[in-house]
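Structure first, commentary second.
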Amino acid sequence: MDEPANNSKISESIITVDGPSGAGKGTLCQLLAKKLGWHLLDSGALYRVLGIAAHRHGICLSDIDELARIARDMDLYFKINEVSGEVEPFFEGSNLADFIRTDEAGQAASKVAALLPVREALLEKQRAFYQKPGLIADGRDMGTTVFPDSAVKVFLTASAECRAERRVEQLKSKGVSANMRAIFDSIKARDERDRTRKNSPLVPAKEALIVDSSNMTIDEVLSQVIEFAEKKLLAVK
Ligand code: C5P
């Protein structure tokens, strides 16, 4: 039988990675999860699904009580696609993988994410993603609000220009044409909303390692984070 949960042991096996969109958190977290054999929480996907759910159910973004109710009760689960290896969200039985990564879904997510009752409704859902042997948590407030005791906290950032260029390249590689100016403006608007909101704004946790990935390869980011995590985890042992 599993040992009973011990909070200090749990916090030693959580790595939080926060930062603005396009900084490379998703890729870094997937690599960390694979390397350590730990589970992964993509918390942004929860907010993105909620934005889409609101749209599908015709709920206006100002109807805070109804949004919080959906956040609390939503019929959502995640499944690994056996071909691509990607984690896909299923909402009310339908696969939303093709819809959640659009710019509109990101903007809607950032609007619902500013509402305190919505954040409260999703708090325990996010914590419930913890499973042995450990969790890599990707988001905006993983180290500050959702897992404030996690032993290893990272804040990954990059200039807005660099993040917009990466997004354009990513879209081009999928054969989708992209307008650099529109993408840059959208990133700036989402950054501004996420950084200035009252509830769990996007700020680094005090003890976070801050990594600016603007001029780094993903392998360089990964080794810097692993080195930091090893030091931190040795210090708490
Ligand atoms: O990370 P991702 O770009 O998928 O997140 C979409 C939006 O969801 C963010 O712009 C942010 O407003 C919100 N979010 C949040 N807290 C998190 C994760 C995402 O507010 N932990």
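The values are calculated or read from the model by the stated rules, or taken from the named source; none is laboratory data. Quick caveat: nothing in here was measured; it's all calculated off a predicted structure. Here the Cβ positions follow ideal geometry from the backbone for every residue, glycine too, while neighbour counts run over all protein chains shown. The area values use the complete protein model at the heavy-atom level, side chains included, leaving out ligands, DNA and RNA. Shrake-Rupley method; radii C 1.70, N 1.55, O 1.52, S 1.80 Å.
The table for this structure:
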quantity	calculated
Charged-residue dipole, Cβ positions (Lys, Arg, Asp, Glu), region 81-155 about Cα centre, Debye nearest 20	380 debye
Dipole in debye (nearest 20) - the chain, about Cα centre, beta carbon charges: Lys, Arg +1; Asp, Glu -1	320 debye
Size of charge dipole - region 96-237 - debye, nearest 20, with Cβ of Lys, Arg +1 and Asp, Glu -1, no other charges	360 debye
Segment Arg72-Ser11, extension gain: residue separation times 0.36 nm, minus the distance between their alpha carbons	19.5 nm
Apportionment of accessible area to carbon and sulfur, the chain, percent (1.4 Å)	53 percent
Accessible area in the full protein assembly, largest first, 1.4 Å probe, for Glu230, Glu82	Glu82, Glu230
Options Leu32, Ala160, Ser62, ranked by Cα towards positive dipole end of the chain, top entry (Cβ charges)	Ala160
Rounded D (µm²/s) - region 155-237, Kirkwood Rh over Cα pairs, Stokes-Einstein at 37 °C, 0.692 mPa s	219 µm²/s
Positive-end extreme of charge dipole, the chain - chosen from Thr144, Asn81, Ser173 (charges on Cβ)	Thr144
Cα centroid separation - region 11-86 against region 113-191, whole Å	9 Å
Lys/Arg +1, Asp/Glu -1 at C-beta; the chain dipole; positive extreme among Leu209, Gly22, Phe129	Leu209
Accessible surface, region 12-236, averaged per residue in Å² (probe 1.4 Å)	51 Å²
Choice from Asp212, Asp18, Asp73 showing the highest fluctuation, given a GNM over the chain with Cα pairs closer than 10 Å	Asp73
Descending semi-axes in Å of region 63-193, equivalent ellipsoid built from Cα gyration tensor	25, 19, 18
Taking the convex hull of Cα positions in the chain, its mean projected area over all directions (nm²)	13.7 nm²
